[in-house]
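Below you'll find the structure, written out as structure tokens, and then a few comments.
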Amino acid sequence: MNDDVLPLPAADLCSEEEVSALVRRFYARVRKDDLLGPVFGARVHDWEAHLLHLIDFWSAMLRGTRRFSGTPMPKHMAMDELSAELFERWLLLFRQTTAELGNGPMQRLADSVAARIADTFWRRFQMLRWPVLPTHPGAV
């Protein structure tokens with residue numbers, strides 16, 4: 001397979017066990033992280049339910065299943081402490097986790113989806129917080 005072409009979500013891209021391993025390993029890492037751990041710890045009170053929901057999400061993204069239902073954007077946009085640093089850390093830990101799983105096609109697609117999610121959420125967060133930016137220094 002050409003490494004420049006992203007695989008499409010498909011049942012043969014990865015197994016449900018691989019999706020579960022990705023989510024569980026990644027969020028175990030997040031929970032221990034000095035930057036991300038407190039952010040998630042303040043909001044997630046039932047980790048098993050949260051992980052099962054995220055497994056459904058990543059199964060949809062990677063395998064094309066249709067189990068996920070939800071609207072993650074509003075919940076994330078309500079988090080005042082979001083920063084570029086947090087998104088960069090999230091992506092770093094995610095990429096470390098996908099690299100460890102040993103499934104190259106899954107890794108490429110998952111990393112691409114994660115980067116798009118981070119970019120979309122960060123841009124939306126910025127638009128909500130700062131809808132009008134000065135066009136030049138000193139402009140009001």
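Among the residues of region 31-90, those that are touching a residue at least 24 places away in the same chain (Cβ under 8 Å), under 24 Å from Leu13 (Cα atoms) and within 14 Å of the chain's Cα centre (by Cα) comprise Leu51, Leu54, Ile55, Trp58, Ser59, Ala60, Met61, Leu62, Trp90. Taking the conditions exactly as written (at pLDDT 95 or above, within 13 Å of the chain's Cα centre (by Cα) and open to solvent by 70 Å² or more (accessible area, probe 1.4 Å)), does Leu109 satisfy them or not? No: the conditions fail for Leu109. Within region 54-66, not a single residue is within 19 Å of Leu82 (Cα to Cα) and crowded, with 18+ Cβ neighbours inside 10 Å. Here Arg123 clears all of (1) among the charged types (D, E, K, R); (2) at pLDDT 95 or above; (3) more than 11 Å from the chain's Cα centre (by Cα) except the condition numbered (2).
Does Phe121 satisfy the criteria of being in contact with a His (Cβ under 6 Å, 6 or more places away or on another chain) and not small (Gly, Ala, Ser)? In short, yes.
When region 35-46 is filtered for residues that are open to solvent by less than 40 Å² (accessible area, probe 1.4 Å) and over 18 Å from Leu93 (Cα atoms), only Val44 remains. Given the criteria at pLDDT 90 or above and outside any helix (DSSP H, G or I), does His45 qualify? So His45 passes the test. Inside region 2-34, residues that are assigned to a loop (DSSP other than H, G, I, E, B), surrounded by 15 or more Cβ atoms within 10 Å (Cβ to Cβ) and aliphatic (A, V, I, L, M) make up a count of 1.
The values are calculated or read from the model by the stated rules, or taken from the named source; none is laboratory data. Model, not experiment: these values are computed from the prediction. Backbone-built Cβ (ideal geometry, glycine too); neighbour counts: all protein chains shown. For the accessible areas, the whole protein counts, side chains as well, though only heavy atoms, and no ligand, DNA or RNA atoms are used. Shrake-Rupley method; radii C 1.70, N 1.55, O 1.52, S 1.80 Å.
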